[in-house]
Amino acid sequence: MTVELRPPRAEDAAAIADALNEFNRPVGFDLDSPEEVAVWLEFPSLDLERDTRVAVVDGDIVGYSEAVDPAGDGRYVFADVRAGPQHLEAGAALLEFIEGRAQKLAAPGGRIKIWTAEGAGDWRSYLESRGYGLHRYSLRMLIDLDDEPAEPRWPDGIRVRARAGAEDDRPVYELEIETFADQGDDVVAESFQDWRHWMTREPFDPGLWFLAYDGDELAGISICRGEWAGDDELGWISVLGVRKAWRRKGLGSALLLHSFRELRARGRKRVGLGVRADNATGAVSLYERVGMHVASRMLWYEKAAA
């Protein structure tokens, strides 16, 4: 089998989505839509010629990879390498490209981080054979909305409103960066331009951005979407963040319950989110207390870039 690698083009979005889903389906991952792949390919910081490749076999795209250094300091190069289980040779070729690209992006001592599915046994074995070690887990958590969620109990002085306009984006971005900064040294801040490009992608509903204020200070946020992976019955909480001064006061649980109720009112039957299994703020316990459960795990592997 001959595997050709080339940079992707905008018109490849649907074929890339098909290839990614050949990986996603057997391991229970959410499916990727052509529309979201098109958004990836237009990220402001992504250089398609240097950072990405598709794998082509007999004229068909069978895999995709990218390597990015979102912090721009070379400490961590984050990679996505996916090909269907019947195309391990393509996955191997894509990984070789990623490792070569990481050597150019990484600073001395820098590391490559690759995420994959817990159920991708053959691919995990291949990564381990190439020197990658399992570093941590992320969880996908869900709640069914068969019953009306409990009424949120807001801490004294808190008021909540939806996104009013683009002027809210920078404060929300800054709060997210601040509240996730204590999640480990491998949590790096993407640029505001990349963040806004992804967070406001269509279908975008500013009424599902919930901003909690204490006076004039933004204390917490819940940034939601009315669909996920093309599933109109699944709402999604993209970001839940509470500043340290307001933690342990019930603001996080109130934002969650408020989000559940608003999404249910829009006809969503389930709500999901992603979280680090080793979250330092106790987020996993919080999510379980409001009725969420672990649906699947995503694994992060890493090794030295050089």
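Observations on the model:
- One residue stands out among those in segment 30-55 that are of a type in the set (A, V, I, L, M) and open to solvent by 30 Å² or more (accessible area, probe 1.4 Å): the one that is farthest from LYS113 (Cα to Cα), which is ALA38.
- Criterion applied to SER259, SER253 was being in a helix (DSSP H, G or I), open to solvent by less than 60 Å² (accessible area, probe 1.4 Å), touching a helix residue (DSSP H, G or I) at 6+ places or on another chain (Cβ under 7 Å) and of a type in the set (Ser, Thr, Tyr), and the one residue passing it is SER253.
- Cβ-Cβ distances below 6 Å connect the following pairs, each with a first residue in segment 8-24 that is farther than 15 Å from ALA90 by Cβ and touching a residue at least 24 places away in the same chain (Cβ under 8 Å), a second residue that is surrounded by 21 or more Cβ atoms within 10 Å (Cβ to Cβ) and aliphatic (A, V, I, L, M), and a separation of six or more residues or different chains: ALA13/VAL37.
- Criterion (of a type in the set (Ser, Thr, Tyr), under 16 Å from the mean Cα position of the chain (by Cα) and under 11 Å from LEU255 (Cβ atoms)) met by exactly one of SER191, SER238, SER222: SER222
- Among the residues of segment 262-295, those that are open to solvent by 60 Å² or more (accessible area, probe 1.4 Å), of a type outside the set (D, E, K, R) and either part of a loop (DSSP other than H, G, I, E, B) or in contact with a helix residue (DSSP H, G or I) (Cβ under 9 Å, 6 or more places away or on another chain) (or both) comprise ALA280, HIS293, VAL294.
- Check on GLU178, under 25 Å from SER285 (Cα atoms) and among the acidic types (Asp, Glu): yes
- Residue match in segment 145-162 (condition: part of a helix (DSSP H, G or I), of a type in the set (A, V, I, L, M, F, W, C) and more than 20 Å from ARG248 (Cα to Cα)): no
- For beta carbons closer than 7 Å, sequence separation of 6+ or different chains, a first residue in segment 238-260 that is touching a residue at least 60 places away in the same chain (Cβ under 8 Å) and a second that is assigned to a helix (DSSP H, G or I) and among the charged types (D, E, K, R), the qualifying pairs are VAL239/GLU176; GLY241/GLU176; ARG243/GLU178; SER253/ARG289.
- Being in a strand (DSSP E or B) and touching a Pro at 6+ places or on another chain (Cβ under 8 Å) holds for only one residue in LEU218, LEU240, and it is LEU218.
- Screening the candidates TRP236, TRP228 for the property of being buried (at least 18 other Cβ atoms within 10 Å of the Cβ) and over 23 Å from GLU151 (Cβ atoms) yields one hit, TRP228.
- All conditions but one from (1) modelled with pLDDT of 95 or more; (2) more than 25 Å from VAL81 (Cβ to Cβ) apply to ALA181; the one that does not is (1).
- Qualifying residue in segment 21-29 (condition: in contact with a His (Cβ under 8 Å, 6 or more places away or on another chain) and buried (at least 16 other Cβ atoms within 10 Å of the Cβ)): yes
- Residues satisfying the stated conditions in segment 296-306, i.e. hydrophobic (A, V, I, L, M, F, W, C) and open to solvent by less than 70 Å² (accessible area, probe 1.4 Å): MET298, LEU299, TRP300, ALA304, ALA305
- Check on ASP58, open to solvent by 30 Å² or more (accessible area, probe 1.4 Å) and either touching a Phe, Trp or Tyr at 6+ places or on another chain (Cβ under 7 Å) or under 29 Å from ILE177 (Cα atoms) (or both): no
- Residue satisfying all of: in segment 184-212; surrounded by fewer than 17 Cβ atoms within 10 Å (Cβ to Cβ) and of a type in the set (Gly, Ala, Ser); modelled with the highest pLDDT among these: GLY207
- Residue within segment 173-180 that is open to solvent by less than 10 Å² (accessible area, probe 1.4 Å) and not in a helix (DSSP H, G or I) present: no
The values are calculated or read from the model by the stated rules, or taken from the named source; none is laboratory data. None of these values were measured; they are calculated from a predicted model. Here Cβ is always computed from backbone atoms with ideal geometry, including for glycine, and neighbour counts include all displayed protein chains. Just so you know, the surface numbers come from the protein's heavy atoms only, side chains and all, with ligands and any DNA or RNA stripped out. Shrake-Rupley method; radii C 1.70, N 1.55, O 1.52, S 1.80 Å.
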